[in-house]
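A.B. asks: One structure, pasted below without further comment.
Readers should treat all values here as calculations from the given coordinates under stated rules, not as data from a laboratory. None of these values were measured; they are calculated from a predicted model. Ideal geometry is used to build each Cβ from the backbone, glycine not excepted, and the neighbour counts take in all protein chains shown.
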Amino acid sequence: MATRRDLIAALSQAVGNEAVIWRPEDVRAYEYDGTVETRLPHAVVLPETAEQVAAVVAACNLLQVPITPRGAGTGLSGGAVARKRGVVISTARMNRIIQIDPINRLAVVQPGVANLAVSLAAASSGLFYAPDPSSQKACTIGGNVAENAGGPHCLALGVTTNHVLAMEVVTADGTLVRLGSPTPDIGPGYDLRGAFIGSEGTLGIVTEVTLRLLPLPASIVTLLAVFDTIEQASESVSAIIGAGLVPAAIEMMDRVTLQAAEAGLQCGYPPDAGAVLLVEVDGIADIVEEQAGRIRAECLEHGAMEVRIAEDDEERERLWKGRKGAIGALGRIAPNYYILDGVVPRSRLVETMAVVERVSAAYNLPIANVFHAGDGNLHPCVLFDDREPGARQRVLEAGEAIMRACIDAGGTLSGEHGIGYEKQQFMGWLYSDEDMENMERLRPVFGNEGLFNPCKILPGGTGCGEMAHDAAAIRAAGQDAYV
Amino acid sequence: MASEHSHWPLLADAPADEDLSRCVHCGLCLTACPTYLVTGKEMDSPRGRIYLARSVAEGTLLTTPTVERHWDLCLQCRACETACPSGVPYGRIMEHVRAQVAEAPQSDPVVRRVRRLVLRHIVARPRVLAAAALLPRKLAGLLTRERVAKLKPKPLRRLAGQIPRGQGAPVRPGFELRPAGQERARVALLTGCIMGEVFGEVHRATARVLARRSIAVEAVEGQGCCGALHAHDGDLAYARKLAKKNIAAMESDRFAAVVVNSAGCGAAMKEYDDLLAADPKWAARAAAFSAKVRDFSEYVAELGGEVPSQLETRVTYQDACHLAHAQRITTQPRALLDAITGCQRIETAGADRCCGAAGLYSVNQPAMSGELRQRKAVEIAASGAQIVTTANPGCHMQYLAADAESHLDVEVLHLAELIDRAEAAAETSR
């Protein structure tokens, strides 16, 4: 068994002293991500090149120390929490945009580049990067690849996997390989690019990504439809899609969320609405106008009190600012939230939302709803105070009840946040043991023998089962135990 | 209220648990934080700093020299507050954290002690400060642009370059300027500490711009340093003392507003209500006073009306953090510049990112301050601007330093100076 001293020496060798964080008070800042669970790593490294990443992975494998990759730590399923401690590899210093190629409409970036930074850099060429998670100002492309991130505009344009052409990755055993091909079509051979995206950092760490860029739409119309009830809003979503319209985005926010967002971000939301839909259509001006008119009509027919159309870019940005900051704004109402990420068929939206409401009442926990209504991707946010004894357990149970309802409605466990550690015990609801064993076989293909981002996605695995549920047990393992 | 387990040494001024628990560590602040962008370390991000503070508050972490270093490296620019959807009052948290560090420092106790003494006994004492400012003012008279540009080595050139030139005599309490015609309203002007001594021309320009709008400007006696630097340093007790002095001096109903042309001072004065909230004798007075405080650009925009102005130039406006992030004023200064005939305004990508001046930061943290200054220099050079304009004395001097250090060949002006120049030019051309 290696000691912490051996580990730090090996890491310093790989990336230099200054890029190794090991003091107990420093690593404290890496025990969390965007979720509620925490786990203290032994060390954190900040590599700047793919070679350094490979050297770190090799060193950790040699010393048999677990590795957890981390982008900006904005993830919402605990993907960047080092469940078995060990070493966190942060991509924060790999944040260069290497190339924007307007002719081939692609961008080559390092993994630590923020999602929004790509679109900002491409804007002068009239291009943008389509997936737009709500945390896009801060979340990284590397993290997006790991979680196969989505976002409001993925309704029409698809998620991360539809926009990543090629990657350079360091696999779990420290080999530097290329996946995919920087051409419009997926290259010949097995699509390992597809297998890697959404693997939640369990197969390796991405060190360079070639992204597809799209031309900025010529015309955009953003509508804000105001409703008394979530049911009316949900029915409008079904009606819009049922009418054959494909908006760029359809987002829903409930009363609690609206009030928090308005208080925090002053985005002009109606304070007394029961729910709103934020709908965006883009494309050629005439068609956009016509579609916006039809969407407006559908909303009004299904009970909208008012349908507002953003007058200018400034108003559109304000409306979106509220949506994108909505989750964080919940911090105004409660010290903690637990955000779920379930998917149901659009046709089952209304009844699933009713279940969420019932769960909220049964567990006596307020739940805010803000989600991608267009693709049935729900984000109920359970609000609570972690300092209250027993609160966390009740929250986890409420979350489980909601996830169960999503599955029962024919849906799935994650739209975009990933499974991480938080939902792995539910995977059995969706998959048979054979299904999961088959998935598990992919890990050794990329050299993961159990050390690379351990205890994520699939339940079980050595030493992971007992951690699945109880946060206290994780803490009890001891924060200053040596590797 | 601080929790019972807290390791804070000064419970009376401990960061409030309600403030700390507002942070849900979503991470949206990361890319807004200048120091995180430089080091890439979570402990040098707002989220990380709050987490460390929260750990100390919950009694699971002791303040160590390492922890203090991460707090010390914070610019207190508050860009994270603009980015934060939860409304975490980060500036307030950091001031209270600094109060804790000052109470029982684990590192650099002598430096911290000296800094506190300098702030209390030089910066906050007009006569002592005037004496201290004499040398730089004399130097400014001798240093022409050309002389500065030839100085070597670079650090000397930078130091000499950042002394404001052409600022004339100091403007101190007692100063008054009345409009030529009828007086529409009267405002109190904060002369401030360093501002009044070495930026006299900025004050005069401020008064002239207001006088053209029929506003009388009076720098009333009895006022003093605003206390912002003291609060940022965690010396909340002294900041409260200075706040009371200014409230007493300038709260009179004679004044329609209290106009401040230094973003840092304006932000602090708008938060006097917060600073004195727990003081039953002063809370109401402070709230009334804070409501009357206006930044120069904010007040001019409120006044409305069009005064002709003309200046053929390319200018870039660089936000002062405590204007953009603490006071959330970003559109008014730009609109005022856009109203000048012939003035082409160039927006740079990092305009609202801190330049690294940050009050005493350039002295306390010269390396990080220098890095941020050089990043600004690159952006300004790329913009092709002839004039850099800002709205805070610290930033002003940092851009002067950048100009000297990197041979940017730009003129640095306070927004009031630039507007005054353009309005004067329009007057003479008529």
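A.B. asks: For chain A, report the translational diffusion coefficient in µm²/s to the nearest whole number, using Stokes-Einstein at 20 °C, 1.002 mPa s, and a Kirkwood Rh over Cα pairs.
C.D. replies: 93
A.B. asks: Across peptide A:30-37, how many C-beta atoms of other chains are within 10 Å of each residue C-beta, on average?
C.D. replies: 3
A.B. asks: A follow-up question, please. Quick check: pseudo-label points 7 Å beyond the Cα along Cα→Cβ at B:GLN344 and B:THR66, how many nm apart are they?
C.D. replies: Taking the simple label geometry, B:GLN344 and B:THR66 are separated by 5.2 nm.
A.B. asks: Would you list the P(r) distribution for region A:280-424, with all Cα-Cα distances sorted into 10 Å bins from 0 and each bin expressed as a whole %?
C.D. replies: 10, 33, 33, 18, 5, 0
A.B. asks: What percent of all Cα-Cα pairs in region A:97-215 falls in each 10 Å bin, counting up from 0?
C.D. replies: All Cα pairs, binned at 10 Å, distribute as 15, 51, 30, 4 percent.
A.B. asks: Charges only on Cβ, +1 for Lys and Arg, -1 for Asp and Glu: so what's the dipole of region A:334-421 about the Cα centre, in debye to the nearest 20?
C.D. replies: 100
A.B. asks: Just need the Rg to Rh number for region A:335-400, please, alpha carbons only, Kirkwood Rh.
C.D. replies: Rg/Rh: 0.99.
A.B. asks: Tell me the Kirkwood hydrodynamic radius of the protein assembly as shown in angstroms, computed as one over the mean inverse distance between distinct C-alpha pairs.
C.D. replies: Mean inverse Cα-Cα distance, inverted, gives 29.3 Å.
A.B. asks: Please compute the alpha carbon radius of gyration of region B:284-390, then divide it by the globular-protein estimate 2.2 N^0.38 Å. Two decimals is fine.
C.D. replies: Compactness ratio reported: 1.24.
A.B. asks: Test of understanding: express the Cα radius of gyration of region A:83-134 as a ratio to 2.2 N^0.38 Å, with N the residue count.
C.D. replies: 1.39
A.B. asks: Taking the Cα centre as origin and putting +1 on Lys and Arg beta-carbons and -1 on Asp and Glu beta-carbons, what dipole magnitude results for region B:178-250, to the nearest 20 debye?
C.D. replies: 360
A.B. asks: Any chance you could tell me what percent of the C-alpha pair distances in region A:217-329 go past 24 Å?
C.D. replies: So the portion of pairs separated by more than 24 Å is 19 percent.
A.B. asks: Also, quick follow-up: Count, for each residue of A:323-333, the Cβ atoms from other chains sitting within 10 Å of its Cβ, then give me the mean as a whole number.
C.D. replies: 5
A.B. asks: Sticking with this one: Taking only the alpha carbons of region A:16-137, what extent do you get along each of the three principal axes, in Å, biggest first?
C.D. replies: Largest to smallest, the principal-axis extents are 46, 32, 21 Å.
A.B. asks: Express in nm, to one decimal, how much length is gained between B:HIS407 and B:ARG127 on full extension, taking 0.36 nm for each residue of separation and deducting their alpha carbon distance.
C.D. replies: Gain on stretching B:HIS407 to B:ARG127: 97.3 nm.
A.B. asks: With the crude spin-label approximation of a point 7 Å out along Cα→Cβ, what separation in nm comes out for A:ALA2 versus B:ARG328?
C.D. replies: 4.9
A.B. asks: Which entries of B:LYS41/B:LYS152; B:LYS41/B:LYS154; B:LYS150/B:LYS376; A:LYS324/B:LYS270 show an alpha-carbon separation above 24 angstrom in the structure shown?
C.D. replies: B:LYS41/B:LYS152; B:LYS41/B:LYS154; A:LYS324/B:LYS270
A.B. asks: What three numbers, in Å, describe the spread of the alpha carbons of region B:179-276 along their principal axes, ordered from the longest?
C.D. replies: Taking max minus min along each principal axis of the Cα atoms, region B:179-276 gives 45, 29, 20 Å.
A.B. asks: Any idea which of A:ALA260, A:THR160, B:ALA243 is furthest toward the positive side of the dipole for the protein assembly as shown, if Lys and Arg beta-carbons carry +1 and Asp and Glu beta-carbons -1?
C.D. replies: B:ALA243
A.B. asks: Using the Kirkwood radius built from alpha carbon pairs, what does the Stokes-Einstein equation give as D for region A:196-255 at 4 °C and 1.567 mPa s, in µm² per second?
C.D. replies: Answer from the Stokes-Einstein relation: 83 µm²/s.
A.B. asks: Something else now. Taking H as built 1.01 Å from N, whose amide H comes closer than 5 Å to the amide H of B:CYS33, not counting residues under 5 places away?
C.D. replies: Those qualifying (amide H under 5 Å, at least 5 residues apart or on another chain) number zero.
A.B. asks: Mind checking the dipole of region B:294-430: about its Cα centre, +1 per Lys or Arg Cβ, -1 per Asp or Glu Cβ, Debye to the nearest 20?
C.D. replies: 280
A.B. asks: Please compute the modelled spin-label separation between A:LEU214 and A:LEU176, points set 7 Å along Cα→Cβ, answer in nm with one decimal.
C.D. replies: Result: 3.3 nm between the two label points.
A.B. asks: Starting from the Cα coordinates of region B:11-107, work out the convex hull volume and express it per residue in Å³.
C.D. replies: 87
A.B. asks: Something else: Could you calculate, for region A:158-284, the ratio of the Cα radius of gyration to the Kirkwood radius, expressed as Rg to Rh?
C.D. replies: Rg/Rh for region A:158-284 comes to 1.13.
A.B. asks: For A:ASP185 and A:ALA239, what is the calculated FRET efficiency with R₀ set at 45 Å and r taken between the beta-carbons, to the nearest 0.05?
C.D. replies: Using R0 = 45 Å, I get an efficiency of 0.80.
A.B. asks: Another question, then. At q = 0.18, 0.20, 0.22, 0.24 Å⁻¹, what log₁₀ I(q)/I(0) does region B:170-236 have when each alpha carbon counts as one equal point scatterer in the Debye sum?
C.D. replies: The computed values of log10 I(q)/I(0) come out as -0.66, -0.77, -0.87, -0.96.
A.B. asks: I would also like to ask the following. What FRET efficiency comes out for A:ARG23 versus A:GLN393 if R0 is 35 angstrom and r is the Cβ-Cβ distance? Round to the nearest 0.05.
C.D. replies: 0.60
A.B. asks: Tell me, what ³J(HN,Hα) does each residue in region A:125-138 have, in order and in whole Hz, if you take phi through Karplus 6.51 cos²θ - 1.76 cosθ + 1.60 with θ = phi - 60° and put x for Gly and Pro?
C.D. replies: 8, x, 10, 8, 9, 6, x, 9, x, 4, 8, 4, 5, 10
A.B. asks: Could you identify which residue out of B:LEU135, B:LEU336, B:LEU28 has the top mean-square fluctuation in a GNM of chain B using Cα springs shorter than 10 Å?
C.D. replies: B:LEU135
A.B. asks: Which residues in region B:165-195 place their backbone N less than 18 Å from a point set 7 Å from the Cα of B:ARG430 along the Cα-to-Cβ direction?
C.D. replies: Answer for region B:165-195: B:179-184.
A.B. asks: Further question: Can you compute log10 of I(q)/I(0) for chain B with the Debye formula, treating each Cα as one identical point scatterer, at q = 0.06, 0.10, 0.12 Å⁻¹?
C.D. replies: Rounded to two decimals, the profile gives -0.24, -0.68, -1.00.
A.B. asks: Give the residue from B:THR60, B:ALA104, A:ILE8 lying farthest towards the positive end of the charge dipole for the protein assembly as shown; charges sit on Cβ (+1 for Lys and Arg, -1 for Asp and Glu) and the dipole is referred to the Cα centre.
C.D. replies: Most positive-ward Cα: B:ALA104.
A.B. asks: Further, regarding this structure: For region B:164-174, in order, what is each residue's ³J(HN,Hα) by Karplus, 6.51 cos²θ - 1.76 cosθ + 1.60 with θ = phi - 60°, in whole Hz (x at glycine and Pro)?
C.D. replies: x, 9, x, 9, x, 6, x, 10, 10, x, x
A.B. asks: Still on this structure, please answer the following. Could you tell me the extents of region B:50-140's C-alpha atoms along the three principal axes, largest first, rounded to whole Å?
C.D. replies: Ordered largest first, region B:50-140 gives principal extents of 51, 31, 19 Å.
A.B. asks: Could I ask something else about it? What are the residues whose amide H is under 5 Å from the amide H of A:LEU165, where those residues sit 5 or more places off or on another chain and H is modelled from the backbone?
C.D. replies: Distant-sequence amide H within range of A:LEU165: A:THR210, A:LEU211, A:ARG212.
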